[in-house]
Structures are given as C-alpha cells and as structure tokens.
Amino acid sequence: MLKKYALSLLFFVLFICLAACSEDDESSGSGDNGSGGSGGSGENVELTMWVFPGMGIDEQIERYQEENENVTINIQEAEYADHHQNLLTALGAGSGAPDVAVVESAYIEQFKVNPDQFHNLNDYGAEDIKDDFLEWRWREASSPDGSFVLGIPTDVGPMAMAYRMDIFEEAGLPTDPDEVSSQLSTWEDYIEAGRQIQDATGGYMFNHIAEIYGVIRDQGEEQYFDEENNLIIEESEQIAKAWELAVEAIDIQPGIERESTEYGAALARGDFATVFLPPWMLQRIKDDAPDTEGLWNVAQIPEASGNWGGSLLTIPAQSDHPQEAYDFISWLMAPEQQLEIFKSYGNFPSTPELYDHEEVQNYNDPFFTRDDLGVMFGEAAERVEYVYRSPDTSTVNTIIDDALTSIHDGSASPEEAWNNALEEIDRQISR
Amino acid sequence: MVEHNTVHSEAVDNKTKKKYRPKIHDALSGYLFISPFFILFAIFGVYPLIFTAYLSLHKWNVLGEREFIGVSNYQALLTNDPLFWKSVGNTFSIWVISTVPQLILALILAFILNQAFLKAKGIFRLAVFMPNITSVVAVAIIFSAMFGTNYGVINYGLTLFGLEPYDWKGSYLGTQLAISAMVMWRWVGYNTIIYLAGLQGISKDLYEAATIDGASKTQQFLYLTIPLMRPIILFTVILSTIGGMQIFAEPLLFGRGASNQGLTMTLYLYEEAFTRFSFGYGAAIAWVLFVIIILFSLFNMFLTQRIKS
C-alpha cells in the first residue's frame with residue numbers, strides 16, 4: 001500500500017514539476033519589469049549572456065566586471081545556428097532566456113515582429129545613444145516607426161569589392177582602385193568588364209549567380225515587401241533589375257557557392273577576378289588563398305554598398321534585470337569599447353565617429369595592397385542604404401537564389417524559374 | 001498509552017502481513033523498475049506526438065500567438081504543395097538507390113567474412129563496421145568535397161577515364177546518387193555485422209553436406225545461405241526502411257539542390273519549422289509523414305508475410 005502511495009506521489013511530484021516549470025517564469029517575467037529601475041546601486045547582480053563565437057568581446061566584458069564589482073556576467077557560448085535556435089526555444093517556452101542575447105542580423109526580423117518577447121530599449125535610455133550609431137543600422141534595429149528598439153548594434157559588415165589586379169591587367173582593365181571604381185561605376189560596366197576578362201583569360205568575373213543578385217538587391221530600399229508586409233516583388237524595380245542583371249551575367253560565373261568546399265580551391269587558383277566582401281571576410285581570402293598575397297586590391301562596389309553581418313545585443317523580456325543589462329550593453333557597444341574590439345579583432349564599428357579615428361584610418365593589410373582599407377570600408381558603411389525587410393524576406397531570398405541556381409544548372413529557363421519562384425513564394429509566405 | 005500504541009501497531013502489522021501477497025508486491029516493484037522508460041517515453045514520446053497534432057491545427061511561428069485554423073494546413077499540404085510530394089518522391093527514390101545495393105553488398109561481404117579461410121577476421125569486422133560510428137556530419141562534409149563539380153576527386157577520376165566531369169550538385173541523378181553513396185558508406189558495415197551474426201547461426205553441417213554433394217561456393221550462397229537468412233534479411237529491410245524515411249543530415253549538408261532534387265521529407269519538415277518558422281505547417285507535415293511511414297510499414301509487413309508463407 002505504502003509503495004503504491006509512494007509511486008503515485010512520485011508521479012504527482014514529477015507532474016507538478018513539469019507543469020510548474022512552464023508557469024513559473026511567465027508570471028515572474030511580466031511582473032518584475034519595474035524593479036530594476038534604480039540599477040547599478042551596489043546590489044549584486046548576475047547577468048547571463050548568450051553569445052556565439054567570434055564576437056571579440058571577452059576582454060571588454062572582463063573590464064566591465066572589474067569596473068562594476070557588483071555585476072557578474074555569465075557568458076554562455078553556442079555555435080551560431082544552435083545559439084539562435086536555443087534563443088527561439090527559450091522565448092517560445094517562456095522560460096530559460098538569458099538577460100542579454102546576441103541576435104545576428106539574419107534573425108533580426110523574426111525577433112523584431114515579436115516585441116513582447118523583448119524589453120524595449122527605448123524605455124531604458126536607448127534614445128540618447130541613437131545618434132552614435134549608423135542611421136541605417138539603428139533603423140534596422142528598430143520598429144518601422146522607431147518607437148521600439150530591439151537591440152544595440154555591434155559591428156557592421158559594409159560591402160566592398162576585392163579584385164585580382166593581375167587578372168584585371170591581363171584583360172586590359174585598370175588596376176588602380178580609383179580608376180576601377182570609375183570604370184566599373186555601373187553594373188552594366190561590371191558585366192562588360194567580366195566579358196572582357198573572359199575573352200582575355202578564359203576566367204570568370206565572380207563566383208555564383210545568386211551572389212551578384214544579392215549584392216544588387218541590397219542596394220535598393222524596396223525589396224519584396226512594403227512596410228505593411230504586402231508582397232511587392234513584382235512591382236519592385238530593384239528586384240527586377242537585380243534579377244535581369246544576374247541572368248545576364250550567367251556566363252561570367254562558374255556557379256561555385258561561397259559555402260561550398262570548392263570555394264577555397266577556386267579562390268586559390270584565381271578562377272574569378274572579383275569577390276564582394278565585408279571587412280570580416282578579408283581574413284577568409286588570406287586563409288583560403290595564402291599564395292595570392294599582393295595580387296589583390298579593394299574598390300567600392302558599382303552603384304552602392306550593402307551590409308553583410310553584424311548583430312544586435314538584446315534584452316529578452318524574461319530578464320529580471322533589464323536596467324543593469326541595458327547599462328552593460330550600452331557601455332559595451334559605446335564607441336570607446338568598439339574601438340578596442342576593432343583594434344584586437346577587426347570587427348568593423350557601427351559608430352561612424354570612429355571612422356575618423358586614426359586607428360580605423362590607418363587600418364591596412366599588405367595582402368590587399370592599398371593602405372587605406374579602413375577609410376574605404378568607412379565610406380562603404382556610409383553608402384549603405386536602409387532596406388526594409390520582413391520576417392519572410394529570407395524565405396523569399398532562398399527561393400529566388402534557388403531559382404537563379406536552377407537557371408545555371410540548366411534545369412529551367414529564366415522565365416520558368418521566375419514563374420515557379422513566384423508560385424512557391426505565394427505558397428510559403430501564406431503559412 | 002505507550003502500550004496501547006504498540007498493540008495497535010502490532011495489529012496493523014498483522015493486518016498488513018495478512019494482506020501481503022507476494023504477487024502484488026512483485027508486480028508493484030516490477031512496474032516501478034520499468035517506470036523510468038514509461039515516464040521518459042510519456043514526456044519525450046507521447047506528449048510531443050499529441051502536441052504536434054494540436055499544433056498542426058494552428059498557424060504559429062513560436063514567438064507569436066497561436067492562431068487556430070482548423071485543417072487548412074492539411075488541406076494546403078495535400079492539395080497545393082508540389083514541393084512536399086516531390087520530397088516524398090525523393091525520399092523513396094533515395095531509399096531505393098541506397099538500400100538495394102547496400103543490402104546486396106552487405107550480404108556478400110558477410111559471406112566472405114564468414115569463410116573459414118579468412119585470417120584476422122577481427123580486423124576485417126572492425127574495419128567494415130567503422131564507417132557506422134563516424135560522425136555523419138564529417139562524412140557529409142568529406143563526401144561533399146569528393147562530389148565537387150569543379151575540384152572533386154570523383155570528377156577528377158572520371159576525367160582520367162576520358163569521361164566528362166559530372167554536375168553532381170546541379171543534376172537530379174547526381175545529387176541523389178551522392179546522397180545515397182553517403183548512406184551506403186555508413187550502413188553497409190552495420191548490415192554486414194547483422195548478416196554475419198545470422199550466418200554464424202547456420203549450422204556448419206549443412207555447408208559440409210552441400211560441399212560433399214559437390215555444390216560450389218556460389219551455389220551454396222544462392223541455395224543455402226539466402227533461403228536460411230530470409231528472416232534476417234527481412235529484419236534489415238525493415239530497419240533500412242525506418243532509416244531511409246529519416247534521411248536528413250546528408251542532404252542538409254550536401255545541399256538539397258536548386259531544384260530540390262535532394263529534398264527529403266524530414267529535411268522539408270525541418271526547413272519548414274526551423275528556417276521558415278511555420279511550426280503549424282511543419283507539425284502537419286510531421287503527421288502526414290507519420291501516416292506515410294505507417295502505411296509503408298504495413299505494406300512491408302504484408303510483403304513479409306507473403307514471402308514467409
């Protein structure tokens with residue numbers, strides 16, 4: 001008899017535990033928002049922070065803890081995809097989210113449309129530091145009307161174009177960055193130069209059809225959706241332009257994706273003459289093609305720039321210490337700290353005042369010839385256009401990329417590919 | 001008072017002793033012993049199953065509100081989703097391409113490993129099983145490099161024989177062959193070991209008798225080994241069916257291809273839920289998949305019974 005009771009008791013306890021787990025944090029999360037208002041007042045606080053590798057912020061976090069003895073930062077690191085999956089799960093489950101979570105730019109939209117899950121940083125003083133940051137970056141971190149701010153921007157990835165001077169020279173193209181920029185000032189010029197290179201050397205201009213599409217796409221403010229999230233892909237001029245130019249450029253690319261294992265080999269062999277890249281990708285060329293030192297130079301991309309990468313530091317609504325967390329992240333991404341991070345790790349700052357700083361101005365790398373890389377990426381960062389994206393933007397991107405690749409594979413004509421893509425987009429975004 | 005208490009407790013003891021029946025007691029502790037499995041199964045098996053069914057009737061992106069939409073997910077899935085049916089077709093064709101040669105090869109390998117003349121059996125057995133314990137991610141990355149269109153070692157091999165390099169990632173057959181090759185590489189050894197265990201269960205006398213009767217090794221294999229191994233072969237067929245329906249990591253890492261030629265059912269489910277965040281629709285896919293696998297297993301059982309009788 002006793003055992004039976006014990007058994008049912010065990011079940012009961014287990015059940016209660018499980019039920020309680022989900023209830024508990026929901027109630028405490030919503031109630032305690034105000035309590036941190038007096039933040040930093042000597043009370044000991046432990047903040048958990050979820051990051052993924054490559055943030056370059058460890059030393060600065062150490063410093064913050066030394067300067068603020070009452071604050072302990074508990075860093076938990078997970079791989080890029082796992083990190084975002086964990087965050088999504090913790091938010092969806094209503095418990096387990098950290099006090100500070102990094103959100104990479106590819107995931108921003110997904111989280112931004114659910115403002116209930118995060119503390120609005122405007123409530124803690126984000127309005128005051130707004131002007132420190134690049135305008136387009138801040139807008140990406142905010143709701144369309146600016147009333148809600150999801151996170152404080154970390155670094156940015158302004159895009160430029162690295163090119164092989166030896167291949168350009170062989171094809172009779174200029175090699176000086178300024179001359180390259182002026183001769184390749186439009187995409188038509190760029191494709192023309194690509195044909196010239198193909199005729200002269202038999203090589204390609206760039207790696208993959210979807211890549212040039214993406215670069216041109218990001219140069220326009222209007223993409224697939226308007227701000228009410230209506231699909232406007234068929235009306236968008238920038239999308240039509242990007243698609244047409246990409247299709248036109250199909251014979252000057254070998255169809256090697258950047259994520260593929262072949263990319264490094266192709267880069268080392270000089271299969272393509274140009275690479276569109278943000279500053280953090282310079283290192284990748286050095287790793288993949290160490291023998292090409294001194295053959296590269298970097299110029300601006302035709303017509304405009306774009307951004308690839310960078311993150312936001314957010315405070316999930318489950319955090320009980322939003323004020324302390326805000327004080328910490330706004331300090332961490334203040335210009336002084338971003339400068340330190342740039343010095344040690346090369347993460348390009350999102351605060352434009354640093355672009356005039358000698359540390360950024362003098363940033364250079366003999367591997368890429370020119371000695372003012374910092375100035376150039378700074379200019380590129382100021383050239384980035386704000387782009388409105390919806391949570392479905394990445395879904396549409398994948399479908400269009402696949403459509404373009406299928407043209408390259410020879411399994412669809414451009415018209416078929418476009419029409420199939422439109423049908424599939426309609427299906428997928430309605431779910 | 002004290003006395004009274006002891007008397008009372010003695011009475012209780014007597015009462016329980018009288019009622020004590022070994023059978024119930026044993027049954028109880030038995031249940032207790034096996035309960036961890038059922039508790040864990042209830043939490044990680046039954047509950048997700050039911051919750052998935054519930055989710056499939058909703059539109060949900062994890063973070064926002066769950067919106068009840070009835071059976072429209074199923075409706076869309078069954079009537080207006082060519083991609084889903086493509087993934088079903090892909091799964092079955094990859095399953096056929098990988099399983100049929102895999103089992104034949106495993107049977108032959110097991111037969112060789114079981115021969116008396118073979119020395120250092122342990123090393124061969126270990127070698128054959130090794131691929132199965134390698135990380136599937138590592139396997140997929142290596143195979144992706146090997147099947148590269150421009151710099152892959154397999155295309156290099158083809159050009160040595162004067163053949164044209166093949167576009168493995170951009171063609172239907174190429175992608176499915178590459179994925180099947182990975183599956184085969186990992187599972188041939190596993191099935192070989194199972195077959196080997198089966199072969200060792202067959203009495204040596206039968207082979208000796210066959211040898212005396214003048215049967216060659218090939219005849220012994222075809223007329224002795226295969227008929228006697230039938231139940232084990234059926235077992236491996238069922239196992240590979242279960243595995244084949246769940247092929248996921250290989251196409252995820254190799255790339256499903258621009259025309260979705262490598263998109264399997266589980267990969268589609270994953271992409272729907274975790275990259276497009278349509279958890280309701282993903283849940284509906286999961287349930288349709290469940291039904292498809294049940295139907296296929298029933299078909300399998302039916303076939304098995306036919307073969308047995």
Could you check, for the range B:114-122, whether at least one of its residues is over 23 Å from the mean Cα position of the chain (by Cα) and within 14 Å of another protein chain (Cβ to nearest Cβ)?
no
Can you name the condition, by its number, that B:PHE111 falls short on among (1) at pLDDT below 95; (2) under 30 Å from A:GLN85 (Cβ atoms); (3) away from every other protein chain (no Cβ under 12 Å)?
(2)
Would a scan of the range B:215-223 turn up a residue that is under 30 Å from B:ALA116 (Cβ atoms) and within 15 Å of the chain's Cα centre (by Cα)?
no
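For (1) closer than 13 Å to B:TRP95 by Cβ; (2) within 14 Å of chain A (Cβ to nearest Cβ); (3) assigned to a helix (DSSP H, G or I), each residue gets a yes or a no:
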| residue | (1), (2), (3) |
| --- | --- |
| B:THR218 | no, no, yes |
| B:LEU222 | no, no, yes |
| B:LEU269 | no, yes, yes |
| B:ASN300 | yes, no, yes |
Six or more apart or on different chains, Cβ atoms under 8 Å: show the pairs whose first residue is in the range B:27-52 and over 18 Å from A:ALA93 (Cβ atoms) and more than 11 Å from every other protein chain (Cβ to nearest Cβ) and whose second is surrounded by 11 or more Cβ atoms within 10 Å (Cβ to Cβ) and not charged (D, E, K, R).
none
So, restricting to helices (runs of 4 or more DSSP H) that lie completely within the range A:351-425, which ones have at least 3 residues that are crowded, with 17+ Cβ neighbours inside 10 Å and at negative phi?
A:373-383, A:393-409
Just to be sure I understand, how many residues within the range A:69-92 are surrounded by 15 or more Cβ atoms within 10 Å (Cβ to Cβ) and out of contact with any helix residue (DSSP H, G or I) (no Cβ under 9 Å at 6 or more places or on another chain)?
3
Does any residue of the range B:206-222 turn out to be touching a residue at least 24 places away in the same chain (Cβ under 8 Å) and either among the acidic types (Asp, Glu) or in the same structural domain as B:ARG125 (by TED's automatic domain parsing) (or both)?
yes
Filter the range B:224-267 down to residues that are away from chain A (no Cβ under 14 Å) and either over 28 Å from B:LYS59 (Cα atoms) or touching a Lys or Arg at 6+ places or on another chain (Cβ under 7 Å) (or both), then give me how many there are.
22
What number of residues within the range A:374-396 satisfy the criterion of being within 11 Å of another protein chain (Cβ to nearest Cβ) and under 22 Å from A:MET159 (Cβ atoms)?
2
What number of residues in the range A:251-276 are closer than 22 Å to A:TRP308 by Cα, in contact with a Gly (Cβ under 9 Å, 6 or more places away or on another chain) and surrounded by fewer than 20 Cβ atoms within 10 Å (Cβ to Cβ)?
3
For the range A:48-132, list the helices (runs of 4 or more DSSP H) that sit wholly inside it and hold at least 1 residues that are facing another protein chain (nearest Cβ under 10 Å) and more than 21 Å from the chain's Cα centre (by Cα); which are they?
A:80-93
With the structure loaded, tell me whether B:ALA210 is buried (at least 21 other Cβ atoms within 10 Å of the Cβ) and not polar (S, T, N, Q) or whether it fails that test.
no
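When the residues of the range A:254-266 are narrowed to those that are assigned to a helix (DSSP H, G or I) and free of Cβ contacts under 8 Å to residues at least 24 places away in the same chain, which ends up nearest to A:PHE367 (Cα to Cα)?
A:ALA265
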Starting from residues that are of a type in the set (S, T, N, Q) and at the interface with chain A (Cβ under 10 Å from one of its Cβ atoms), keep the ones in the range B:72-91 and report whichever is surrounded by the fewest Cβ atoms within 10 Å (Cβ to Cβ).
B:ASN80
Got a number for residues in the range A:305-317 being out of contact with any Asp or Glu (no Cβ under 6 Å at 6 or more places or on another chain) and either closer than 20 Å to A:GLN60 by Cα or at pLDDT below 95 (or both)?
8
Tally, over the range A:158-197, of residues that are hydrophobic (A, V, I, L, M, F, W, C) and surrounded by fewer than 23 Cβ atoms within 10 Å (Cβ to Cβ):
7
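Could you please let me know if A:THR201 is away from every other protein chain (no Cβ under 14 Å) and of a type in the set (Ser, Thr, Tyr)? Spell out how you get there, then give the answer.
Values: away from every other protein chain (no Cβ under 14 Å): yes; of a type in the set (Ser, Thr, Tyr): yes.
When the stated conditions are applied, A:THR201 passes them.
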Which numbered condition A:PHE328 misses (of (1) over 30 Å from A:GLU293 (Cα atoms); (2) not in a helix (DSSP H, G or I)):
(2)
Tabulated pairs, the range B:259-288, first in contact (Cβ under 8 Å) with a residue 24 or more places away in the chain, second in a loop (DSSP other than H, G, I, E, B) and β-branched (Val, Ile, Thr), C-beta under 6 angstrom, 6+ apart or interchain
B:THR264/B:ILE247; B:PHE279/B:VAL62
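The values are calculated or read from the model by the stated rules, or taken from the named source; none is laboratory data. Predicted model, so just to flag it, every value in this text is computed and none were measured. So basically every Cβ, Gly included, is an ideal-geometry build from the backbone, and we count neighbours across all protein chains shown.
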